[in-house]
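Each remark here refers to the structure printed beneath this line.
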Amino acid sequence: MTAVVPGSFDPFTLGHLDLVRRAQRLFGRVLVAVGRNAAKDYLFSAEERLELARVSCVGLPGVAVLPMTGLLVDFCRAHDVDVIVKGARSGRDFEAELGMAQMNASLAGVETVVAPASPAWGFVSSGLVRQVARGGASVEEYVPVAVFDYWRRAGHADAAAESN
């Protein structure tokens, strides 16, 4: 069975990595689809987000990271995806995912599994990580090592402030 974990991943966090690992254990083959949401203003370019997701998933058997343009259902059709896996940190996240899941099922017959966030990562979001970094605090404990190292080298915003 092939699952897709879609997102914009700006940046790819340890919460994202946890969801990918859990999806891999459940479904075997996982495609991490790095897309673009027109409503978002990105810190990292599409190429950076794709590469950071790739290096974060290195060593995970059955996991591939691919770019996604257009509709998720079109990506699912093109890659023979059986199920979409989304994470939910709260009831609000679940409510937001519900309508999308129903639309995706209507358009392409693809099912969605919404997994509750692991307790360790339930408070972590890409937006919050960016906000913390811009405030000058370290985000090292919230992102994979490769993401932290890249972020620091690239000097994004006040970026990943040096560890204390």
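Here are a few things to note about the model shown:
- Listed residues Gly109, Gly70, Gly28, most fluctuating in the chain (Gaussian network, C-alpha, under 10 Å): Gly70
- A simple rule links phi to the HN-Hα coupling: the Karplus curve 6.51 cos²θ - 1.76 cosθ + 1.60 with θ = phi - 60°, which for the stretch 24-38 gives 5, 5, 7, 10, x, 9, 10, 9, 8, 9, 8, x, 10, 9, 4 Hz, with x for Gly and Pro.
- Dipole of the chain [Lys/Arg +1, Asp/Glu -1 at C-beta], most positive-end residue of Ala23, Ser125, Gly87: Ala23
- For Ala88, distant residues with modelled amide H under 5 Å away: Ala115, Ala117
- Of (i) 15.4, 50; (ii) 15.1, 47; (iii) 14.9, 42, the label for Rg and Dmax of the Cα atoms in Å derived from the coordinates: (i)
- About the centre of its Cα atoms, the chain shows a dipole size close to 120 debye [charges on the beta carbon of Lys, Arg (+1) and Asp, Glu (-1) only; nearest 20 debye].
- With at most 10 other Cβ atoms within 10 Å, longest stretch of the chain clear of loop GluC sites (Glu not before Pro) (DSSP): 1-140
- Normalised by the number of residues in the chain, the average gap of Cα pairs under 8 Å and 6 or more apart makes the relative contact order 26 percent.
- Distances between placed amide hydrogens fall under 5 Å for Val63 paired with Val30, all partners being 5 or more residues away or on another chain.
- The length gained by stretching the chain between Ala105 and Ala64 to full extension, at 0.36 nm per residue less their Cα-Cα distance, is 12.4 nm.
Only the coordinates and a few stated rules stand behind these numbers; no lab work does. These figures come from a predicted structure and were not determined experimentally. As a convention, Cβ positions derive from the backbone with ideal geometry for all residues, glycine included, and neighbour counts pool all protein chains shown.
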